[in-house]
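The values are calculated or read from the model by the stated rules, or taken from the named source; none is laboratory data. What you see is a predicted model; the values in this text were computed from it and never measured. Note: ideal-geometry Cβ built from the backbone for every residue, glycine included; neighbour counts use all protein chains shown. Side chains are part of the model used for accessible areas, which takes the heavy atoms of the whole protein and leaves out ligands, DNA and RNA. Shrake-Rupley method; radii C 1.70, N 1.55, O 1.52, S 1.80 Å.
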Amino acid sequence: MIWNEHAECMNREQLVRLQSERLHSMINRLYYNVPFYRKKFQEQGIGADDIQSIDQLKYLPLTTKQDLRDNYPFGLFSVPQQEIIRLHASSGTTGKPTVGGYTRHDLEIWSEVVARSLYAAGVDHNDVVHVSYGYGLFTGGLGIHQGAQKIGATVIPASGGNTKKQLQIMHDFGSTVLACTPSYALYLADTMKEIGMDPSELKLRRGIFGAEPWTEEMRKEIENKLHLKALDIYGLTEIIGPGVAMECEHQNGLHVFEDHFIPEILDPQTLQPVPYGEIGELVFTTITKEGMPLLRYRTRDLTSMTIETCSCGRTTARLHKFMGRTDDMLIIRGVNVFPSQVESVLLEMSETEPHYQLIVDRMNNLDVLEILVEVNETFFSDEIRQLEALTHKIKANIESTLGISAKIKLVEPKTIERSEGKAKRVIDKRPH
(Lines give C-alpha, C1' and ligand atoms only; values in the text may rest on other atoms or scores of the structure.)
Protein backbone atom coordinates (compact mmCIF):
# COMPACT_ATOMS: atom_id res chain seq x y z
CA MET A 1 0.00 0.00 0.00
CA ILE A 2 1.28 3.48 -0.86
CA TRP A 3 -0.25 6.54 0.86
CA ASN A 4 1.12 9.24 -1.47
CA GLU A 5 2.08 7.63 -4.78
CA HIS A 6 3.09 10.91 -6.41
CA ALA A 7 5.61 11.75 -3.68
CA GLU A 8 6.88 8.24 -3.00
CA CYS A 9 7.22 7.01 -6.59
CA MET A 10 8.39 10.05 -8.62
CA ASN A 11 11.45 9.53 -10.81
CA ARG A 12 14.78 10.81 -9.54
CA GLU A 13 14.98 13.63 -12.08
CA GLN A 14 11.69 15.05 -10.80
CA LEU A 15 12.75 14.46 -7.21
CA VAL A 16 16.10 16.24 -7.60
CA ARG A 17 14.36 19.21 -9.22
CA LEU A 18 11.86 19.41 -6.34
CA GLN A 19 14.57 19.00 -3.69
CA SER A 20 16.70 21.73 -5.32
CA GLU A 21 13.80 24.20 -5.36
CA ARG A 22 12.99 23.47 -1.72
CA LEU A 23 16.65 23.63 -0.66
CA HIS A 24 17.04 27.05 -2.30
CA SER A 25 13.96 28.31 -0.45
CA MET A 26 15.19 26.85 2.84
CA ILE A 27 18.64 28.45 2.53
CA ASN A 28 16.94 31.81 2.05
CA ARG A 29 14.92 31.33 5.23
CA LEU A 30 17.98 30.29 7.19
CA TYR A 31 20.04 33.20 5.88
CA TYR A 32 17.53 35.88 6.75
CA ASN A 33 15.88 34.37 9.85
CA VAL A 34 18.55 32.44 11.78
CA PRO A 35 21.64 34.45 12.88
CA PHE A 36 23.58 31.23 13.61
CA TYR A 37 23.32 30.05 10.00
CA ARG A 38 23.78 33.54 8.50
CA LYS A 39 27.10 33.82 10.33
CA LYS A 40 28.18 30.40 9.06
CA PHE A 41 27.22 31.27 5.47
CA GLN A 42 29.05 34.60 5.64
CA GLU A 43 32.17 32.90 7.02
CA GLN A 44 32.16 30.65 3.95
CA GLY A 45 31.27 33.46 1.52
CA ILE A 46 27.86 31.94 0.68
CA GLY A 47 25.03 34.31 -0.25
CA ALA A 48 21.30 33.67 0.20
CA ASP A 49 20.79 32.94 -3.51
CA ASP A 50 24.03 31.09 -4.24
CA ILE A 51 22.60 27.60 -3.67
CA GLN A 52 20.46 26.49 -6.60
CA SER A 53 20.92 22.69 -6.62
CA ILE A 54 21.30 19.79 -4.20
CA ASP A 55 24.61 19.08 -5.97
CA GLN A 56 25.94 22.07 -4.00
CA LEU A 57 24.84 20.60 -0.66
CA LYS A 58 28.31 19.21 0.04
CA TYR A 59 29.72 22.76 0.14
CA LEU A 60 27.38 23.83 2.95
CA PRO A 61 28.24 23.73 6.67
CA LEU A 62 27.24 20.81 8.88
CA THR A 63 25.10 21.16 12.00
CA THR A 64 25.87 19.21 15.19
CA LYS A 65 24.04 18.44 18.41
CA GLN A 66 26.47 20.82 20.14
CA ASP A 67 25.24 23.62 17.83
CA LEU A 68 21.70 22.92 19.05
CA ARG A 69 22.86 23.02 22.67
CA ASP A 70 24.79 26.24 22.11
CA ASN A 71 21.58 27.81 20.79
CA TYR A 72 19.34 26.28 23.48
CA PRO A 73 16.41 26.56 23.69
CA PHE A 74 15.06 28.58 20.72
CA GLY A 75 18.11 30.08 18.96
CA LEU A 76 17.65 28.02 15.77
CA PHE A 77 13.96 28.78 15.28
CA SER A 78 13.32 30.47 11.94
CA VAL A 79 9.83 31.85 12.66
CA PRO A 80 8.47 34.17 15.38
CA GLN A 81 7.62 32.39 18.64
CA GLN A 82 3.88 32.92 18.15
CA GLU A 83 3.97 30.70 15.03
CA ILE A 84 5.35 27.76 17.05
CA ILE A 85 2.37 25.71 18.25
CA ARG A 86 4.17 22.72 19.78
CA LEU A 87 7.51 21.94 21.40
CA HIS A 88 9.24 18.59 21.79
CA ALA A 89 12.66 17.80 23.21
CA SER A 90 15.10 14.94 23.58
CA SER A 91 15.75 13.43 27.02
CA GLY A 92 18.98 15.39 27.42
CA THR A 93 20.69 12.50 29.24
CA THR A 94 24.11 13.64 28.02
CA GLY A 95 23.59 17.39 28.36
CA LYS A 96 20.94 19.99 27.64
CA PRO A 97 17.94 18.57 25.77
CA THR A 98 17.69 19.33 22.08
CA VAL A 99 14.49 21.17 21.30
CA GLY A 100 12.20 20.90 18.28
CA GLY A 101 9.67 23.65 17.50
CA TYR A 102 6.76 22.95 15.16
CA THR A 103 4.49 25.29 13.22
CA ARG A 104 1.04 24.13 12.14
CA HIS A 105 2.52 23.35 8.70
CA ASP A 106 5.28 21.24 10.35
CA LEU A 107 2.71 19.17 12.24
CA GLU A 108 0.83 18.55 8.99
CA ILE A 109 4.07 17.33 7.35
CA TRP A 110 4.77 15.10 10.35
CA SER A 111 1.29 13.53 10.20
CA GLU A 112 1.75 13.03 6.46
CA VAL A 113 5.09 11.19 6.73
CA VAL A 114 3.86 8.99 9.60
CA ALA A 115 0.74 8.18 7.54
CA ARG A 116 3.05 7.14 4.68
CA SER A 117 5.08 5.05 7.16
CA LEU A 118 2.05 3.20 8.50
CA TYR A 119 0.74 2.49 5.01
CA ALA A 120 4.19 1.19 4.02
CA ALA A 121 3.91 -1.24 6.95
CA GLY A 122 0.52 -2.42 5.70
CA VAL A 123 -1.49 -0.55 8.35
CA ASP A 124 -4.78 1.11 7.33
CA HIS A 125 -8.07 2.50 8.68
CA ASN A 126 -9.24 -0.96 9.77
CA ASP A 127 -6.42 -1.29 12.29
CA VAL A 128 -6.27 -0.66 16.04
CA VAL A 129 -2.88 0.92 16.80
CA HIS A 130 -1.58 0.42 20.35
CA VAL A 131 1.03 3.13 20.98
CA SER A 132 3.44 2.18 23.78
CA TYR A 133 5.98 4.87 22.94
CA GLY A 134 6.16 7.53 25.64
CA TYR A 135 3.93 10.59 25.28
CA GLY A 136 5.15 14.01 26.38
CA LEU A 137 8.31 15.81 25.24
CA PHE A 138 9.52 12.61 23.52
CA THR A 139 8.30 12.56 19.92
CA GLY A 140 7.51 8.83 19.74
CA GLY A 141 4.01 8.70 21.22
CA LEU A 142 2.39 11.78 19.68
CA GLY A 143 4.21 11.22 16.37
CA ILE A 144 2.72 7.78 15.75
CA HIS A 145 -0.60 8.92 17.26
CA GLN A 146 -1.24 11.74 14.79
CA GLY A 147 -0.20 9.65 11.76
CA ALA A 148 -2.47 6.78 12.78
CA GLN A 149 -5.35 9.23 13.17
CA LYS A 150 -4.63 10.66 9.70
CA ILE A 151 -5.13 7.27 8.03
CA GLY A 152 -8.30 6.71 10.07
CA ALA A 153 -7.03 3.93 12.32
CA THR A 154 -8.22 3.58 15.92
CA VAL A 155 -5.49 4.78 18.28
CA ILE A 156 -4.87 3.54 21.83
CA PRO A 157 -2.56 6.07 23.54
CA ALA A 158 -1.17 3.59 26.08
CA SER A 159 2.25 5.28 26.53
CA GLY A 160 4.94 3.39 28.50
CA GLY A 161 4.77 1.41 31.76
CA ASN A 162 2.19 -0.78 33.50
CA THR A 163 2.98 -3.68 31.19
CA LYS A 164 0.41 -6.20 32.43
CA LYS A 165 -2.33 -3.59 32.05
CA GLN A 166 -1.14 -2.89 28.50
CA LEU A 167 -1.42 -6.58 27.63
CA GLN A 168 -4.93 -6.67 29.04
CA ILE A 169 -5.90 -3.63 26.95
CA MET A 170 -4.36 -5.14 23.81
CA HIS A 171 -6.37 -8.28 24.46
CA ASP A 172 -9.67 -6.60 25.33
CA PHE A 173 -9.52 -3.79 22.73
CA GLY A 174 -8.34 -6.04 19.89
CA SER A 175 -5.09 -4.22 19.07
CA THR A 176 -3.74 -5.22 15.66
CA VAL A 177 -0.65 -2.99 15.60
CA LEU A 178 1.94 -2.46 18.34
CA ALA A 179 4.24 0.59 18.26
CA CYS A 180 7.13 0.73 20.77
CA THR A 181 10.88 0.20 21.10
CA PRO A 182 12.05 -3.29 20.06
CA SER A 183 13.44 -3.93 23.55
CA TYR A 184 10.02 -3.15 25.06
CA ALA A 185 8.40 -5.52 22.56
CA LEU A 186 10.59 -8.30 23.95
CA TYR A 187 9.72 -7.23 27.49
CA LEU A 188 6.03 -7.51 26.60
CA ALA A 189 6.68 -11.00 25.21
CA ASP A 190 8.48 -12.02 28.43
CA THR A 191 5.60 -10.68 30.53
CA MET A 192 3.07 -12.58 28.41
CA LYS A 193 4.96 -15.78 29.09
CA GLU A 194 5.15 -14.94 32.81
CA ILE A 195 1.39 -14.46 33.15
CA GLY A 196 0.54 -17.40 30.91
CA MET A 197 -0.85 -15.42 27.99
CA ASP A 198 -0.46 -17.07 24.58
CA PRO A 199 0.37 -14.70 21.66
CA SER A 200 -2.49 -16.28 19.72
CA GLU A 201 -4.90 -14.68 22.23
CA LEU A 202 -4.00 -11.29 20.73
CA LYS A 203 -4.85 -9.96 17.26
CA LEU A 204 -1.47 -8.31 16.69
CA ARG A 205 -0.29 -8.53 13.08
CA ARG A 206 2.17 -5.64 12.70
CA GLY A 207 4.85 -4.13 14.95
CA ILE A 208 6.24 -0.63 14.33
CA PHE A 209 9.52 -0.59 16.22
CA GLY A 210 12.19 2.10 16.46
CA ALA A 211 14.02 4.66 18.66
CA GLU A 212 17.00 2.31 19.14
CA PRO A 213 19.21 0.17 16.85
CA TRP A 214 18.12 -3.49 16.54
CA THR A 215 19.39 -6.41 14.55
CA GLU A 216 17.82 -8.82 12.07
CA GLU A 217 18.19 -11.52 14.72
CA MET A 218 16.13 -9.46 17.16
CA ARG A 219 13.50 -8.98 14.45
CA LYS A 220 13.16 -12.77 14.12
CA GLU A 221 12.98 -13.13 17.90
CA ILE A 222 10.17 -10.55 18.19
CA GLU A 223 8.24 -11.96 15.23
CA ASN A 224 8.49 -15.45 16.69
CA LYS A 225 7.43 -14.44 20.20
CA LEU A 226 4.64 -11.99 19.34
CA HIS A 227 3.33 -13.59 16.11
CA LEU A 228 3.50 -10.37 14.09
CA LYS A 229 5.51 -8.82 11.28
CA ALA A 230 8.14 -6.48 12.77
CA LEU A 231 9.02 -3.33 10.83
CA ASP A 232 11.61 -0.66 11.48
CA ILE A 233 10.71 3.04 11.72
CA TYR A 234 13.29 5.82 11.99
CA GLY A 235 13.17 9.38 13.19
CA LEU A 236 14.70 11.84 15.59
CA THR A 237 13.45 14.91 17.42
CA GLU A 238 15.89 17.23 15.68
CA ILE A 239 14.55 16.33 12.21
CA ILE A 240 10.82 15.88 12.97
CA GLY A 241 10.32 12.68 15.05
CA PRO A 242 9.31 9.18 13.89
CA GLY A 243 8.43 9.02 10.19
CA VAL A 244 11.64 10.29 8.59
CA ALA A 245 12.10 6.79 7.11
CA MET A 246 10.21 3.50 7.27
CA GLU A 247 10.48 -0.08 6.05
CA CYS A 248 7.85 -1.41 3.67
CA GLU A 249 6.49 -4.94 3.86
CA HIS A 250 9.47 -6.23 1.85
CA GLN A 251 11.70 -5.43 4.87
CA ASN A 252 14.54 -4.45 2.59
CA GLY A 253 15.64 -1.05 3.86
CA LEU A 254 13.93 2.05 5.26
CA HIS A 255 12.40 4.40 2.67
CA VAL A 256 13.38 8.02 3.27
CA PHE A 257 10.66 10.56 2.49
CA GLU A 258 13.05 12.55 0.36
CA ASP A 259 10.63 15.25 -0.70
CA HIS A 260 10.98 16.51 2.90
CA PHE A 261 14.35 15.19 4.13
CA ILE A 262 17.55 14.95 2.05
CA PRO A 263 19.82 12.16 3.29
CA GLU A 264 23.60 11.99 2.89
CA ILE A 265 26.04 9.31 4.07
CA LEU A 266 29.42 10.74 5.09
CA ASP A 267 32.68 9.23 6.20
CA PRO A 268 32.62 10.12 9.94
CA GLN A 269 36.33 10.95 9.90
CA THR A 270 36.73 12.94 6.65
CA LEU A 271 33.07 14.13 6.53
CA GLN A 272 33.12 13.51 2.76
CA PRO A 273 30.26 11.62 1.00
CA VAL A 274 30.80 7.88 0.59
CA PRO A 275 29.54 5.83 -2.42
CA TYR A 276 26.11 4.15 -2.29
CA GLY A 277 26.30 0.91 -0.30
CA GLU A 278 29.17 1.99 1.94
CA ILE A 279 28.61 2.49 5.66
CA GLY A 280 28.97 5.99 7.06
CA GLU A 281 27.26 8.59 9.22
CA LEU A 282 23.76 9.63 8.24
CA VAL A 283 23.24 13.36 7.73
CA PHE A 284 19.86 15.01 7.08
CA THR A 285 18.72 18.34 5.66
CA THR A 286 15.09 19.28 6.29
CA ILE A 287 13.80 21.18 3.27
CA THR A 288 10.16 21.84 4.18
CA LYS A 289 10.22 22.46 7.94
CA GLU A 290 9.35 26.00 9.01
CA GLY A 291 9.84 26.08 12.80
CA MET A 292 13.38 24.76 13.06
CA PRO A 293 14.84 23.69 9.70
CA LEU A 294 18.26 22.07 10.00
CA LEU A 295 21.04 22.05 7.45
CA ARG A 296 23.14 18.88 7.12
CA TYR A 297 22.45 17.67 10.65
CA ARG A 298 24.88 14.95 11.82
CA THR A 299 22.68 12.24 13.31
CA ARG A 300 25.64 10.07 14.51
CA ASP A 301 23.70 7.04 13.21
CA LEU A 302 25.69 4.60 11.10
CA THR A 303 24.12 3.03 8.01
CA SER A 304 24.43 2.74 4.23
CA MET A 305 22.06 3.83 1.46
CA THR A 306 20.79 2.70 -1.94
CA ILE A 307 18.65 4.49 -4.53
CA GLU A 308 17.56 1.35 -6.41
CA THR A 309 13.79 1.12 -6.88
CA CYS A 310 12.21 -1.18 -4.28
CA SER A 311 10.01 -4.17 -5.15
CA CYS A 312 7.11 -2.21 -3.59
CA GLY A 313 7.39 0.40 -6.36
CA ARG A 314 8.74 3.25 -4.22
CA THR A 315 11.65 5.10 -5.83
CA THR A 316 12.90 6.85 -2.71
CA ALA A 317 16.34 6.17 -1.22
CA ARG A 318 16.51 3.33 1.27
CA LEU A 319 18.65 3.12 4.39
CA HIS A 320 19.98 -0.26 5.39
CA LYS A 321 19.43 -1.41 8.95
CA PHE A 322 21.29 0.79 11.42
CA MET A 323 24.35 -0.81 12.94
CA GLY A 324 24.74 1.68 15.79
CA ARG A 325 25.80 5.23 16.44
CA THR A 326 29.20 6.80 16.24
CA ASP A 327 28.76 7.80 19.89
CA ASP A 328 27.55 4.25 20.83
CA MET A 329 30.71 2.84 19.38
CA LEU A 330 33.14 1.68 22.04
CA ILE A 331 36.82 1.72 21.34
CA ILE A 332 38.29 -1.09 23.41
CA ARG A 333 42.00 -1.70 23.14
CA GLY A 334 41.93 0.09 19.79
CA VAL A 335 39.10 -2.01 18.34
CA ASN A 336 35.71 -0.55 17.39
CA VAL A 337 32.92 -2.44 19.20
CA PHE A 338 29.16 -1.99 18.75
CA PRO A 339 26.54 -3.50 21.11
CA SER A 340 24.65 -4.73 18.03
CA GLN A 341 27.54 -7.11 17.23
CA VAL A 342 27.11 -8.79 20.62
CA GLU A 343 23.35 -8.94 20.12
CA SER A 344 23.77 -10.73 16.77
CA VAL A 345 25.97 -13.40 18.34
CA LEU A 346 23.63 -14.05 21.27
CA LEU A 347 20.49 -14.24 19.16
CA GLU A 348 22.04 -16.89 16.95
CA MET A 349 22.43 -19.13 20.03
CA SER A 350 19.42 -21.01 21.38
CA GLU A 351 20.80 -21.17 24.93
CA THR A 352 20.71 -17.41 25.58
CA GLU A 353 18.15 -14.63 25.80
CA PRO A 354 18.47 -11.30 23.90
CA HIS A 355 19.17 -9.51 27.19
CA TYR A 356 22.77 -8.53 27.80
CA GLN A 357 24.95 -5.74 29.10
CA LEU A 358 28.49 -4.65 28.26
CA ILE A 359 30.60 -3.40 31.17
CA VAL A 360 33.85 -1.71 30.19
CA ASP A 361 36.50 -0.84 32.77
CA ARG A 362 40.21 -0.09 32.89
CA MET A 363 42.62 -2.15 34.98
CA ASN A 364 46.38 -1.59 35.05
CA ASN A 365 45.97 0.81 32.10
CA LEU A 366 44.29 -1.92 30.03
CA ASP A 367 40.68 -1.82 28.85
CA VAL A 368 38.68 -4.85 29.95
CA LEU A 369 35.29 -5.92 28.63
CA GLU A 370 32.83 -8.00 30.62
CA ILE A 371 29.57 -9.13 29.05
CA LEU A 372 26.63 -10.16 31.21
CA VAL A 373 24.48 -12.68 29.35
CA GLU A 374 21.09 -13.99 30.42
CA VAL A 375 20.70 -17.72 29.98
CA ASN A 376 17.52 -19.20 28.55
CA GLU A 377 15.18 -20.49 31.27
CA THR A 378 14.99 -23.95 29.73
CA PHE A 379 18.77 -24.22 29.57
CA PHE A 380 19.64 -22.72 32.94
CA SER A 381 20.68 -25.36 35.46
CA ASP A 382 22.93 -25.93 38.45
CA GLU A 383 25.28 -28.16 36.50
CA ILE A 384 28.56 -26.30 36.56
CA ARG A 385 30.06 -28.30 33.69
CA GLN A 386 27.15 -27.44 31.42
CA LEU A 387 27.36 -23.73 32.23
CA GLU A 388 31.13 -23.70 31.79
CA ALA A 389 30.75 -25.21 28.33
CA LEU A 390 28.22 -22.54 27.41
CA THR A 391 30.50 -19.79 28.72
CA HIS A 392 33.36 -21.04 26.55
CA LYS A 393 31.06 -21.26 23.51
CA ILE A 394 29.80 -17.67 23.93
CA LYS A 395 33.32 -16.41 24.58
CA ALA A 396 34.63 -18.03 21.38
CA ASN A 397 31.75 -16.68 19.28
CA ILE A 398 32.04 -13.16 20.75
CA GLU A 399 35.80 -13.02 20.31
CA SER A 400 35.52 -14.28 16.74
CA THR A 401 33.04 -11.46 15.95
CA LEU A 402 34.60 -8.60 17.91
CA GLY A 403 38.25 -9.48 17.43
CA ILE A 404 39.07 -8.88 21.11
CA SER A 405 38.84 -11.00 24.25
CA ALA A 406 35.93 -10.57 26.67
CA LYS A 407 34.99 -12.00 30.04
CA ILE A 408 31.60 -13.70 29.86
CA LYS A 409 29.40 -13.83 32.94
CA LEU A 410 26.24 -15.91 32.71
CA VAL A 411 23.35 -14.63 34.80
CA GLU A 412 19.99 -16.12 35.67
CA PRO A 413 16.89 -15.34 33.58
CA LYS A 414 15.33 -11.90 34.33
CA THR A 415 18.45 -10.66 36.12
CA ILE A 416 19.25 -7.78 33.76
CA GLU A 417 16.98 -4.82 34.29
CA ARG A 418 14.27 -4.51 31.63
CA SER A 419 13.51 -1.19 30.01
CA GLU A 420 10.14 0.29 29.13
CA GLY A 421 11.91 2.65 26.76
CA LYS A 422 15.37 2.40 25.27
CA ALA A 423 17.48 -0.48 26.62
CA LYS A 424 20.69 0.39 28.51
CA ARG A 425 23.26 -1.89 26.89
CA VAL A 426 26.54 -0.32 27.98
CA ILE A 427 28.12 0.72 31.28
CA ASP A 428 31.46 2.40 30.67
CA LYS A 429 33.38 2.80 33.92
CA ARG A 430 36.59 4.02 32.34
CA PRO A 431 37.88 7.44 33.45
CA HIS A 432 37.39 9.99 30.64
Relative contact order for the chain using alpha-carbon pairs under 8 Å, separation at least 6, rounded to a whole percent?
14 percent
Evaluate the distance, in nm, between pseudo-label points positioned 7 Å from the Cα of Lys165 and of Asn224 along their respective Cα→Cβ axes.
3.3 nm
At R0 = 22 Å the Cβ-Cβ FRET efficiency linking Leu87 and Phe36, nearest 0.05, sits at 0.75
Heavy-atom accessible area per residue of the chain, all protein chains kept, 1.4 Å probe, expressed in Å², is 43 Å²
Would you mind counting up the charge near Ile144? Only other residues with Cβ under 14 Å from its Cβ, with Lys and Arg at +1 and Asp and Glu at -1.
0
For Leu236, which sequence-distant residues (separation of 5 or more, or a different chain) have an amide H within less than 5 Å of its own amide H, given hydrogens modelled in the peptide plane?
Gly241, Val244
Work out the length of the dipole vector of the range 330-428 about its Cα centre, built from +1 on the beta-carbon of each Lys and Arg and -1 on the beta-carbon of each Asp and Glu, and round it to the nearest 20 debye.
340 debye
With charges set only on the Cβ (+1 for Lys and Arg, -1 for Asp and Glu), what does the dipole of the range 112-215 come to about its Cα centre, in debye to the nearest 20?
120 debye
With equal scatterers on the alpha carbons only and no solvent term, can you work out the Debye log10 of I(q)/I(0) for the range 330-432 at 0.17, 0.23, 0.25 1/Å?
-0.78, -1.31, -1.47
Apply the Karplus curve 6.51 cos²θ - 1.76 cosθ + 1.60, θ = phi - 60°, to the phi angles in the range 295-308 and return the couplings in whole Hz, x for Gly and Pro.
9, 6, 7, 7, 7, 6, 7, 9, 7, 10, 9, 10, 10, 5
Roughly how large, in nm² to one decimal, is the mean projection of the convex hull of the alpha-carbon atoms in the chain?
21.6 nm²
Long-range amide H contacts for His355: which residues qualify at under 5 Å (H placed 1.01 Å from N, peptide plane, sequence gap of 5 or more or a different chain)?
Glu374
Leading residue at positive end of dipole, the chain (Cβ point charges), from Leu410, Gly134, Thr352:
Gly134
Could you pull out the pairs from Lys220/Lys395; Lys40/Lys429; Lys395/Lys429; Lys65/Lys393; Lys220/Lys407; Lys193/Lys393 whose alpha carbons sit more than 32 Å apart here?
Lys40/Lys429; Lys65/Lys393
Which of the listed residues, Cys9, Leu30, Ile331, is farthest toward the dipole's positive end in the chain, when Lys, Arg count +1 and Asp, Glu count -1 at the beta-carbon?
Leu30
Per DSSP, loop GluC sites (Glu not before Pro) in the range 213-293 with at most 15 further Cβ within 10 Å
Glu249, Glu278
How many percent of the accessible area of the range 1-325 is carbon or sulfur, using a 1.4 Å probe?
48 percent
Given a 1.4 angstrom probe, I'd like the percentage of the accessible area of the range 330-428 that is carbon and sulfur, rounded to a whole number.
47 percent
For a quick check: with amide H placed at 1.01 Å from N, whose amide H comes under 5 Å from Arg300's, ignoring anything fewer than 5 positions away on the same chain?
Leu282
Which percentage, to the nearest 5, of the DSSP beta bridges contained in the range 330-428 is antiparallel?
60 percent
Describe numerically, in nm with one decimal, the distance between label points set 7 Å from Cα along Cα→Cβ at Thr391 and at Asp428.
2.8 nm
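Please work out how much length the chain gains when fully extended from Arg418 to Ile331, using 0.36 nm per residue of separation minus the C-alpha to C-alpha distance, in nm with one decimal.
Once the chain is fully extended between Arg418 and Ile331, it gains 28.8 nm.
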For the chain, give the magnitude of the charge dipole about the Cα centre (Cβ charges: +1 Lys/Arg, -1 Asp/Glu; no others), in debye to the nearest 20.
860 debye
Counting other Cβ atoms within 10 Å of each Cβ, which chymotrypsin sites (Phe, Trp or Tyr not before Pro) in the range 221-302 have at most 12 and sit in a DSSP loop?
Tyr276
With θ set to phi - 60° and the Karplus curve 6.51 cos²θ - 1.76 cosθ + 1.60, what are the ³J(HN,Hα) couplings of the range 46-60 in order, to the nearest whole Hz, using x for Gly and Pro?
9, x, 4, 9, 6, 9, 10, 9, 5, 5, 8, 4, 5, 8, 8
